[in-house]
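Heads up, the thing below is written out as structure tokens.
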Amino acid sequence: MAHDDTVTGDFSRSWSALLAAVAGVADEDFDQPSGCRGWLVRDLVCHLVIDAQDVLITLVTPAGTGPTADATTYWDLVEPPTGDDPLDALIPRLAAAYGDPALLKFHLDDVGSAAGRAAGLADPAALVSTKDKVLTAGDYLSAYVLEWTLHHLDLVARLPSAPRPPGQTLAVARTALERIAGAKFPAELSDTDALLTGTGRRTPTAGEAAALGGLAARLPLVLG
């Protein structure tokens, strides 16, 4: 079975870096705010457990029709969260139920490692179904590089000593966001700044807004 090494490599690189970063977070830092508005680091890590479960479920959910989406159209542009979504409200309660951060780390490592192995074994050409969409496993894994990279930035938002996402991962995620936007971010924005400002995690400075031009009015790009 021929696998697309680029797809699985990008997925593995971004996911492995995120798992390693979580493993290195000190217990006391689980109560720090994350880059996801309204979520602490522990809430974000709990969300990653659910994401990893989604990867496992999707990779073993074959589709009976042809593709209806790709790595770009997998993402829907939605309104910024208001805090009213039941799942968003559930996450902090689930995270708090773990109590000891070590238990949350263990669960993510356990489920996350399995998700990583499943991704490595997946046939990129196989059709899978998720979110009422059908796409190849390769496109699905490619879409998640953006998810992992953004959440890696969320994780380390207020943890200055924590490792950042790999440069190659940031570049791949930036390209993915540009495809969703249908426009290039200005070259003067670093990959990290393009991702943070593009998704509303940081407000552009006056200079960045000027460089963004007409694209600035379309931001933030909130992915759902």
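The values are calculated or read from the model by the stated rules, or taken from the named source; none is laboratory data. Model, not experiment: these values are computed from the prediction. Every residue, glycine as well, gets a Cβ built from its backbone with ideal geometry; the counts of neighbours run over all protein chains shown.
Hey, among ARG37, ARG42, which residue is assigned to a loop (DSSP other than H, G, I, E, B) and either surrounded by fewer than 16 Cβ atoms within 10 Å (Cβ to Cβ) or of a type in the set (Lys, Arg) (or both)?
Being assigned to a loop (DSSP other than H, G, I, E, B) and either surrounded by fewer than 16 Cβ atoms within 10 Å (Cβ to Cβ) or of a type in the set (Lys, Arg) (or both) holds for just one of ARG37, ARG42, which is ARG37.
Looking at region 179-198, I want the residues that are touching a residue at least 24 places away in the same chain (Cβ under 8 Å) and have a partner that is among the charged types (D, E, K, R) and outside any helix (DSSP H, G or I) with Cβ atoms under 9 Å, at least 6 apart or on another chain. Which pairs are those?
THR192/ARG164; LEU195/ARG201; LEU196/ARG202
With the requirement that a residue be small (Gly, Ala, Ser), at pLDDT 95 or above and touching a helix residue (DSSP H, G or I) at 6+ places or on another chain (Cβ under 8 Å), what does region 1-52 give you?
Hits for region 1-52 are SER12, SER14, SER16, ALA17, ALA21, ALA23, SER34, GLY35, ALA52.
Only one of (1) of a type in the set (Val, Ile, Thr); (2) in contact with a Ser or Thr (Cβ under 6 Å, 6 or more places away or on another chain); (3) surrounded by fewer than 18 Cβ atoms within 10 Å (Cβ to Cβ) is not met by ILE57, so which one is it?
It fails just one condition, (2).
Do we have any residue at all in region 58-70 that's within 18 Å of LEU146 (Cα to Cα), among the acidic types (Asp, Glu), modelled with pLDDT of 95 or more and within 14 Å of the chain's Cα centre (by Cα)?
No: zero hits.
Given the residues ALA89, ALA97, ALA114, which is the only one that is closer than 22 Å to ILE57 by Cα, assigned to a helix (DSSP H, G or I) and either out of contact with any Lys or Arg (no Cβ under 7 Å at 6 or more places or on another chain) or of a type in the set (Phe, Trp, Tyr) (or both)?
One residue alone meets the criteria, ALA114.
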